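Take a look at the structure below.
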Amino acid sequence: MAWTRLELRDRTAPPQAASTTPIGLWTILTLVVAIASLWLSFRGNAENAKGPDATFRAEEHLNTATVSVRKPGSADQPCTWQPNDGRWHCGAQDFAFVGPYAGLAAGKPVRCLWLHPHAGGATTIVRWPEVNLGDHLEARFRLMDDVAAGQPTRLQIFTAGQSLGTLTVTDGRDCPDLDVDLPNGRTRGELRLEISTGNNDWRLACAEVLMTGKRRAVGEQTPLDKELQYAPPSRHDTSGRPTQ
């Protein structure tokens with residue numbers, strides 16, 4: 001019977017009145033939207049103050065680059081941008097281009113920037129004159145699979161006029177990588193790739209270049225790690241050994 005009385009009471013009890021009128025709900029919703037907008041605006045301004053975001057893949061930004069070939073003792077010869085296939089054409093040969101490529105290199109499938117070097121010790125220069133500079137750069141340099149040993153092929157990487165390193169390959173098994181932090185400096189500047197070899201026969205090269213993070217301006221301090229910032233001070237005995 002107790003259950004029956006409870007069932008009857010539930011079925012006959014009047015529904016609870018709404019505690020908030022439609023006008024009240026609209027006011028609350030308006031306040032929530034306004035607070036969210038202010039928070040997003042503040043966060044965006046704070047992020048922008050740290051420097052522009054930089055997530056940069058070389059093969060995805062070719063349309064903003066300039067590409068040229070420099071032969072020893074000669075002026076730079078500019079390559080021609082072809083928007084239909086998203087490549088820079090640097091000669092009549094099929095291999096003489098700079099553009100996105102997908103294939104096998106050093107035994108693994110890759111998506112990279114095709115950078116077959118030119119003959120006669122020429123240097124191919126891929127240059128982005130003004131990009132958002134991150135604080136970290138990763139690069140991988142490979143030759144296509146089954147390429148036999150031959151002349152060393154070198155890829156040099158520069159940012160803001162400073163050399164970050166040189167990657168060298170001699171055959172299809174070489175896997176040199178570059179993983180470096182960029183020094184503090186201007187938040188925008190030049191990124192430049194230069195590739196060359198003594199003999200370009202079967203130097204079927206491609207590179208992956210990725211720049212990420214936010215570059216700190218000169219004088220801006222690196223944020224402290226929270227664990228380091230709030231670590232309790234250590235104590236030492238008279239011999240200099242920590243006691244906690």
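Okay, here's what the table says:
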{"quantity": "Among Pro152, Phe95, Pro78 the positive-end extreme of the charge dipole of region 64-200 (Cβ point charges)", "calculated": "Pro78"}
{"quantity": "Length added when fully stretched, Asp76-Arg57, from 0.36 nm per residue minus Cα-Cα", "calculated": "4.4 nm"}
{"quantity": "Residue-span extension gain [Thr168 to Ala92] - 0.36 nm each, minus C-alpha spacing", "calculated": "24.7 nm"}
{"quantity": "Under the Debye formula (equal points on every Cα, no solvent term), log10 I(q)/I(0) of region 97-195 at q = 0.12 Å⁻¹", "calculated": "-0.42"}
{"quantity": "Rounded FRET efficiency, nearest 0.05, which uses the C-beta distance separating Asp201 from Ile28 and R0 of 51 Å", "calculated": "0.10"}
{"quantity": "Pairwise label distance in nanometres, Thr212 with Asp85, each label 7 Å out on the Cα-Cβ vector", "calculated": "3.2 nm"}
{"quantity": "Compactness of region 136-188 as Cα Rg over 2.2 N^0.38 Å, two decimals", "calculated": "1.35"}
{"quantity": "Whether region 106-153 is rounded, prolate or oblate, judged on the alpha carbon gyration tensor where a/c under 1.5 counts as rounded", "calculated": "oblate"}
{"quantity": "Within-12-Å neighbourhood charge of Arg173 [Cβ basis; K, R +1; D, E -1]", "calculated": "-2"}
{"quantity": "Chain lengthening between Asp177 and Glu130 when straightened (0.36 nm per residue, less Cα-Cα)", "calculated": "14.5 nm"}
{"quantity": "Surrounding net charge for Glu194, when Lys and Arg each add one and Asp and Glu each subtract one, Cβ distance under 14 Å", "calculated": "+3"}
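Throughout, read-outs are computed from the coordinates displayed, never taken from laboratory work. Since this is a predicted model, take the numbers as computed values, not measurements. Positions of Cβ are backbone-derived with ideal geometry, glycine not excepted, and every protein chain shown enters the neighbour counts.
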